[in-house]
Amino acid sequence: MKRDMDLIREILLAIEAHPESDAHDLSLSFPDHSEDEVSYHCRLLLDAGLIDGECIQEYAEPDEWMIKGLTWAGHEFLEASKDDKRWNKAKKIIYEKTGSFSFEILKSILIDLMRGAISGG
């Protein structure tokens, strides 16, 4: 399965929208993505240290997750990517220059775009 950075962002936004006390009841579903895709991306987010949680049913189809919330790194990435214009501009820069996606490069470009907005550039 391919990593989908737009889905990563959607999942982070959905998690942020729910208080930690709802972690057990958090149901992540997105009309354009299968349960398997969402589950796979939850694992990626956990592996990347962007969310706090655990797989509570690893052998289910798909895996079931208890997501407790975003980590510090998850909040930082989400703040950098929250603005739709900045998000789309960062993706455009990456695709035009490299044709492929790296999380660290994306994060770096998002932060550079934020810095530019602060400094007026």
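Treat each spin label as a single point 7 Å out from the Cα along the C-beta direction, and report the residue 88 to residue 14 distance in nm.
Here the modelled spin labels are 2.3 nm apart.
Please compute the length gained on full extension between residue 117 and residue 73, using 0.36 nm multiplied by the number of residues separating them and subtracting their Cα-Cα distance.
On the way: separation 44, 0.36 × 44 = 15.84 nm, distance 2.11 nm.
Gain in length upon complete extension: 13.7 nm.
Counting alpha carbon pairs within less than 8 Å and at least 6 residues apart, what relative contact order, in whole percent, applies to the chain?
Relative contact order, the chain: 21 percent.
Using unit Cβ charges (K, R positive; D, E negative) and no other charged atoms, how large, in debye to the nearest 20, is the dipole of the chain about its Cα centre?
Details: 14 positive and 25 negative charges, 208 e Å.
Using Cβ point charges on Lys, Arg, Asp and Glu, the chain gives about 1000 debye.
Provide, in order from the shortest bin, the percent of all Cα-Cα pairs of the chain in each 10 Å bin, continuing until the bin that contains the maximum pair distance.
Cα pair-distance distribution for the chain, in percent: 13, 43, 32, 11, 1, 0.
Using 0.36 nm per residue, how much length does the chain from residue 104 to residue 3 gain when fully extended, once their Cα-Cα distance is taken away?
Numbers: separation 101, 0.36 × 101 = 36.36 nm, distance 1.37 nm.
That works out to 35.0 nm of additional length.
Which far-off residues, 5 or more places away or on another chain, put their amide H under 5 Å from the one on residue 70, with H placed in the peptide plane?
Residues meeting the criterion, in which the H sits 1.01 Å from N, are 52.
Based on DSSP H runs of at least 4 residues, each adding -39500 (n - 2.57), what is the mean residue ellipticity at 222 nm of the chain after dividing by all its residues, to the nearest 500 deg cm²/dmol? Please list the in-between numbers first.
Values: 5 runs with 66 residues, N = 121.
Only helices count here, giving -17500 deg cm²/dmol.
Where a number appears in this text, it was derived from the coordinates with a stated rule and is not lab data. This is a predicted model, so every value here is computed, not measured. Neighbour counts are summed over all protein chains in view; Cβ atoms, including those assigned to glycine, are modelled from backbone coordinates with ideal geometry.
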